[in-house]
Amino acid sequence: MDGTKPTAQLRSKTKILADGAEPSIWGFDGSSTNQAEGHASDRVLQPVLTVPDPVRGGDNVLVLCEVQNIDFTPHESNTRAANVEVAERFAAQEPWFGIEQEYTLFDGERPLGFPEGGGFPGPQGPYYCGVGASNIVGREIVEKHLDYCLEAGLKISGINAEVMPGQWEFQVGPAGTTEVADHLWIARWLLHRVAEDYGVTVSFGAKPVKGDWNGAGAHTNFSTKAMREAYEPIITAAESLGAEGKPLEHVAGYGDGIQDRLTGLHETAPWNEYSYGVSNRGASVRIPWQVEVDQKGYLEDRRPNANCDPYNVTRLITDTCCTALEK
Ligand code: ADP
Ligand code: MN
Ligand code: MN
Ligand code: MN
Ligand code: MN
């Protein structure tokens, strides 16, 4: 992840290893990634997770790295280090996350499926979970991406076509606080990489088309061991997210342009008003209907944007909810 503000972008480069060698630390030019000045440009790539590389296949691997300064302290753009700290502090509560990553495929300036000469496709309605050429575009990319995620051993749990044409979703989880975010970042990289072969770009923009078109979010489903066993801890967690100062602290870490997406329309709650409710897709936090029936399970924080940094999102939720549940 680079130092681009307000939203970090993914970068990668390739290293040829001797037979049997493990990935080791490596360097790069931080002045070309918004992570350093030219006069002191070296930054460190610290390997943190290695998975099979489904693009090259064979013995090749993809290596997720944290960015560090040359004294091995976390670079200021490195949000994973703080995530690991919180995850370790609350590991005994066994937090699980499932993140629903929405995204939009673009052909140049235009979402896939929008008419070539300008203008708009028919209004939203038939596209969500749709089938057939009049409703669906980009499926080849989406299916290839799913295959790649599975081959890489990522904890991907599903895909679906979304409400706006050209918009799709994949879900990663359940997985722990750091693991879900690691897997999501790799899944994002694989999506960019697959789409590249088709000359298509992937937007994680939160409101890719202005007007009466759904935005793109990253609904974040969360539970702890206690929440998976009883209902009261779910209410405690939902209440903790609404405590004094918490709604704005969370929203500030939930991605760029949150005000544009959390308007109160298009299945969202207003960004500056916290609410939770059973089955309610117009609330900040939804307790799924089945969870109320079962009296145990998880909650869904519907606020994170598609362009969020999942290291920030899962750190904030783990910290706020697990602190409240500890009492
Ligand atoms: P929605 O009905 O909101 O579209 P999805 O099916 O797209 O939900 O995504 C739900 C996500 O929640 C999945 O990634 C799933 O693995 C995850 N999930 C399921 N149970 C739990 C749980 N107990 N704790 C955390 N995440 C969970
Ligand atoms: Mn060079
Ligand atoms: Mn979903
Ligand atoms: Mn969705
Ligand atoms: Mn959802």
### Message
I need the full set of residues from the stretch 239-261 which are of a type in the set (Asp, Glu) and either touching a helix residue (DSSP H, G or I) at 6+ places or on another chain (Cβ under 9 Å) or within 16 Å of ligand 3 (Cβ to nearest atom) (or both), in order please.
### Response
GLU239, GLU249
### Query
Of all residues in the stretch 286-309, which are within 14 Å of ligand 5 (Cβ to nearest atom) and among the β-branched types (Val, Ile, Thr)?
ILE287, VAL291
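Quick check: anything in the stretch 209-216 assigned to a loop (DSSP other than H, G, I, E, B) and acidic (Asp, Glu)? Talk me through it step by step, then tell me what you get.
Let us first name the residues in the stretch 209-216 that are assigned to a loop (DSSP other than H, G, I, E, B), namely 209-216.
Now narrow it down to the ones that are acidic (Asp, Glu): 212.
Among the residues of the stretch 209-216, at least one is assigned to a loop (DSSP other than H, G, I, E, B) and acidic (Asp, Glu), which makes the answer yes.
Filter the stretch 222-264 down to the residues that are under 29 Å from PRO123 (Cα atoms) and not hydroxyl-bearing (Ser, Thr, Tyr) and list them by number.
GLY255, ASP256, GLY257, ILE258, GLN259, ASP260, ARG261, LEU262, GLY264
Only helices (runs of 4 or more DSSP H) wholly contained in the stretch 255-327 count here; list those with 1 or more residues that are aromatic (Phe, Trp, Tyr) and surrounded by fewer than 17 Cβ atoms within 10 Å (Cβ to Cβ).
Details: elements: 258-261, 289-294, 310-326.
Because the criterion is at least 1 residues that are aromatic (Phe, Trp, Tyr) and surrounded by fewer than 17 Cβ atoms within 10 Å (Cβ to Cβ), the helices (runs of 4 or more DSSP H) in the stretch 255-327 that meet it are 289-294.
With of a type in the set (A, V, I, L, M, F, W, C) and touching a Cys at 6+ places or on another chain (Cβ under 9 Å) as the only criterion, which of VAL86, VAL51, VAL55, VAL61 stands out? Lay out the reasoning, then the answer.
Working: VAL51 fails: touching a Cys at 6+ places or on another chain (Cβ under 9 Å); VAL55 fails: touching a Cys at 6+ places or on another chain (Cβ under 9 Å); VAL61 fails: touching a Cys at 6+ places or on another chain (Cβ under 9 Å).
Going through VAL86, VAL51, VAL55, VAL61 in turn, just one is of a type in the set (A, V, I, L, M, F, W, C) and touching a Cys at 6+ places or on another chain (Cβ under 9 Å): VAL86.
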### Query
modelled with pLDDT of 95 or more, in contact with a Leu (Cβ under 7 Å, 6 or more places away or on another chain) and not aliphatic (A, V, I, L, M) - does that describe any residue in the stretch 95-102?
yes
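State whether one or more residues within the stretch 110-119 are loosely packed, with under 12 Cβ neighbours inside 10 Å, farther than 30 Å from ALA237 by Cβ, touching a residue at least 60 places away in the same chain (Cβ under 8 Å) and more than 16 Å from ligand 3 (Cβ to nearest atom). Reasoning before the result, please.
Kept after step one, since they are loosely packed, with under 12 Cβ neighbours inside 10 Å, are these residues of the stretch 110-119: 115-119.
Add one more test, that the residue is farther than 30 Å from ALA237 by Cβ, and what stays is 115-119.
Pick out the ones that are also touching a residue at least 60 places away in the same chain (Cβ under 8 Å) and you get none.
Checked against the condition, which is being loosely packed, with under 12 Cβ neighbours inside 10 Å, farther than 30 Å from ALA237 by Cβ, touching a residue at least 60 places away in the same chain (Cβ under 8 Å) and more than 16 Å from ligand 3 (Cβ to nearest atom), the stretch 110-119 yields no hits at all.
Looking at THR177, THR236, THR220 in this structure, which one is closer than 24 Å to VAL291 by Cβ, within 16 Å of ligand 3 (Cβ to nearest atom) and touching a residue at least 40 places away in the same chain (Cβ under 8 Å)?
When all the criteria are applied, what remains is THR220.
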#### Entry: Answer residue from the stretch 199-258, given it is of a type in the set (Ser, Thr, Tyr) and within 30 Å of VAL137 (Cα to Cα) and is farthest from ligand 4 (Cβ to nearest atom) among those
THR201
### Conditions (1) within 14 Å of ligand 5 (Cβ to nearest atom); (2) modelled with pLDDT of 95 or more: number failed by ALA283
(2)
### Task
Find all pairs meeting these conditions: Cβ atoms under 6 angstrom apart; at least six residues apart or on different chains; first residue within the stretch 259-274 and farther than 17 Å from ALA218 by Cβ; second residue at pLDDT 90 or above.
TYR274/GLY242; TYR274/PRO247; TYR274/SER284
#### Entry: Selected residue (only one of ALA40, ALA21, ALA8 is without any contact (Cβ under 8 Å) to a residue 24 or more places away in the chain, under 16 Å from GLU76 (Cα atoms) and out of contact with any strand residue (DSSP E or B) (no Cβ under 8 Å at 6 or more places or on another chain))
ALA40
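The values are calculated or read from the model by the stated rules, or taken from the named source; none is laboratory data. Just so you know, these numbers come straight off a predicted model, no measurement behind them. Please note: Cβ atoms are built from the backbone with ideal geometry, for glycine as well, and neighbour counts cover all protein chains shown.
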